[in-house]
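Some notes on the structure that comes next.
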Amino acid sequence: MSEHTPQQILKGIGLAVLAMACFATLDTTTKWVSLSAPLMVAMFFRYTFQAVATTAIELPRQGRALLQTEHLGLHIARGGLLLATSIFAFLSLKHMPVGEFTAIVLLTPLIVTLLAARMLHEKVSRLRLLLVAGGFAGTLAIVRPKGADFNWALLFPVCVVLANAGFQLLTSRMARTEDPMTMQFYTGWTGALVAAVALPFAWEPISSPAVWGGLLLMGFLGSLGHFIFIQAFKRAPAAVLMPYMYAQIAFAMLGGWLIFTHVPDAWTIAGMALIAVCGAAGAWLTAHESRAAAEAPEH
């Protein structure tokens with residue numbers, strides 16, 4: 001019997017959709033900031049805000065328990081992977097619209113499931129492979145490579161997917177033993193300290209108050225989105241929440257239209273829809289397989 005009540009699950013779904021809105025707004029803000037601010041300056045503000053906010057909120061509440069872990073190396077690795085994801089996302093958004101970028105990045109759950117099965121030496125079903133192939137076809141419909149005219153900057157989203165897949169796999173492993181806010185704490189400080197080391201070499205004066213506001217908004221939205229998502233997972237199973245991640249594509253398209261007046265063409269919309277359908281179907285398949293495993297008789 002599920003430990004989650006229907007009311008909790010509905011709240012979890014609502015929080016997950018709200019988190020997707022935060023992440024889409026973060027990406028829209030990042031694209032706008034990327035036109036004016038240096039990469040590592042943006043990363044420094046993004047992660048320092050998260051680190052300071054997490055410390056200020058959780059340290060008085062948890063005390064030294066917030067810092068306790070037997071896997072400091074894994075926390076640093078996780079923070080490094082998320083920082084790499086953010087760096088490649090920043091570079092991606094300099095060269096492509098927010099909606100298209102979001103759709104490609106949301107291939108990550110399909111890739112994570114495939115990699116996790118391979119790492120555990122489990123057989124991957126033909127349906128699962130078909131969904132991954134469908135998601136890849138959707139990506140090709142979005143980027144439409146044209147031989148010598150191919151824009152190599154479009155490889156940046158692929159790097160985002162790979163770094164994010166590693167981040168999610170490591171998160172899945174650590175979530176079994178680590179407190180979520182401890183993970184948030186070390187992730188924030190890893191990114192902030194690495195960016196701080198690079199900051200003197202990347203610093204350029206920023207005179208626009210609007211850009212400073214954008215940098216602060218990036219930090220706020222990143223922190224808020226991750227916090228809300230953690231709260232969603234406390235109220236509803238991951239398998240229930242995963243399909244709602246694809247609401248981020250719609251929010252990202254809205255942000256791209258409102259801020260950059262970008263409207264995807266028909267091929268791009270078809271590719272984004274294919275990724276969303278394959279991703280949501282993959283999430284449903286995972287939930288179905290989890291229920292079947294739980295209901296299987298023990299031997």
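Long hydrophobic helices in the chain, taken as whole DSSP H segments with a C-alpha length of 24 Å or more on their own axis and mean Kyte-Doolittle hydropathy at least -1.0: 6-34, 39-62, 72-95, 126-143, 155-174, 180-202, 209-235, 266-295. Per the Debye calculation on segment 123-216 with a single equal scatterer at every Cα and no solvent contribution, log₁₀ I(q)/I(0) for q = 0.14, 0.17 Å⁻¹ amounts to -0.95, -1.09. Between 260, 44, 101, the Gaussian network model of the chain with springs among Cα atoms under 10 angstrom shows the greatest mean-square fluctuation at 260.
For the peptides 24-37, 223-236, 205-218, the ranking by mean Cβ contacts within 10 Å, running from highest to lowest, is 24-37, 223-236, 205-218. Helical runs (DSSP H, four residues minimum) scored at -39500 (n - 2.57) apiece and divided by the length of the chain put the mean residue ellipticity at 222 nm at -26500 deg cm²/dmol.
Given an 8 Å cut-off on Cα distances and at least 6 residues of separation, report the relative contact order of the chain as a percent.
44 percent
No lab work stands behind these numbers, since they all come straight from the coordinates. Please read all numbers here as calculations on a predicted model, not as lab measurements. In this analysis, Cβ positions are derived from the backbone assuming ideal geometry, glycine residues included, and neighbour counts consider all displayed protein chains.
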